[in-house]
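The values are calculated or read from the model by the stated rules, or taken from the named source; none is laboratory data. Keep in mind that this is a model prediction, so the values were computed, not measured. Here Cβ is always computed from backbone atoms with ideal geometry, including for glycine, and neighbour counts include all displayed protein chains.
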């Protein structure tokens, strides 16, 4: 499954079912660029377990505010539309995979 880019308008539909990992990011953010290939690897390895989506915080301020995202990257894990976990800042692949597995 490919990583999906969402907007304020499509966000709610994309998180309402199953396990969804959301990357709140921006194109100018260095740590966001570092974590992108990590998320690609997780998507390749765990795509059957979790859907990964990205939300550009600059272009989608409504959703960014709603979830209180103050620094990026912020990664929020949703299960059936509810927040179940969150991490802020760059994380190694193992830590992110473990976080997802906890809720799978």
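Report, by residue number, each residue of region 13-31 that is part of a helix (DSSP H, G or I) and either under 14 Å from residue 74 (Cβ atoms) or within 13 Å of the chain's Cα centre (by Cα) (or both). Correct list: 14, 15, 31.
Listed by first and then second residue, the pairs with beta-carbon distance under 8 Å, at least 6 apart or on different chains, first residue in region 60-73 and crowded, with 16+ Cβ neighbours inside 10 Å, second in a helix (DSSP H, G or I), are 60/11; 63/11; 72/31; 72/32; 73/31; 73/32; 73/35.
The set of residues in region 1-19 being within 13 Å of residue 54 (Cα to Cα), surrounded by 13 or more Cβ atoms within 10 Å (Cβ to Cβ) and in contact (Cβ under 8 Å) with a residue 40 or more places away in the chain consists of 3, 4, 5, 6, 7, 8, 11, 15. Restricted to region 42-59, and to residues there that are more than 13 Å from residue 15 (Cα to Cα) and touching a strand residue (DSSP E or B) at 6+ places or on another chain (Cβ under 6 Å), the residue that is surrounded by the most Cβ atoms within 10 Å (Cβ to Cβ) is 57. Residues of region 20-37 that are out of contact with any strand residue (DSSP E or B) (no Cβ under 7 Å at 6 or more places or on another chain), over 18 Å from residue 70 (Cα atoms) and either crowded, with 18+ Cβ neighbours inside 10 Å or without any contact (Cβ under 8 Å) to a residue 24 or more places away in the chain (or both): 36, 37. Please enumerate the residues belonging to region 85-102 that are touching a strand residue (DSSP E or B) at 6+ places or on another chain (Cβ under 8 Å), surrounded by 14 or more Cβ atoms within 10 Å (Cβ to Cβ) and over 16 Å from residue 43 (Cβ atoms). Passing the criteria: 85, 86, 87, 88. Checking residue 68 against (1) part of a strand (DSSP E or B); (2) on the phi > 0 side of the Ramachandran plot, only one condition comes out false. Which one? Residue 68 satisfies all of (1) part of a strand (DSSP E or B); (2) on the phi > 0 side of the Ramachandran plot except (1).
Here is the figure for region 1-21: residues that are touching a helix residue (DSSP H, G or I) at 6+ places or on another chain (Cβ under 8 Å) and more than 15 Å from residue 61 (Cα to Cα) total 7.
Residues being modelled with pLDDT of 95 or more, under 11 Å from the mean Cα position of the chain (by Cα) and outside any helix (DSSP H, G or I) are entirely absent from region 32-47.
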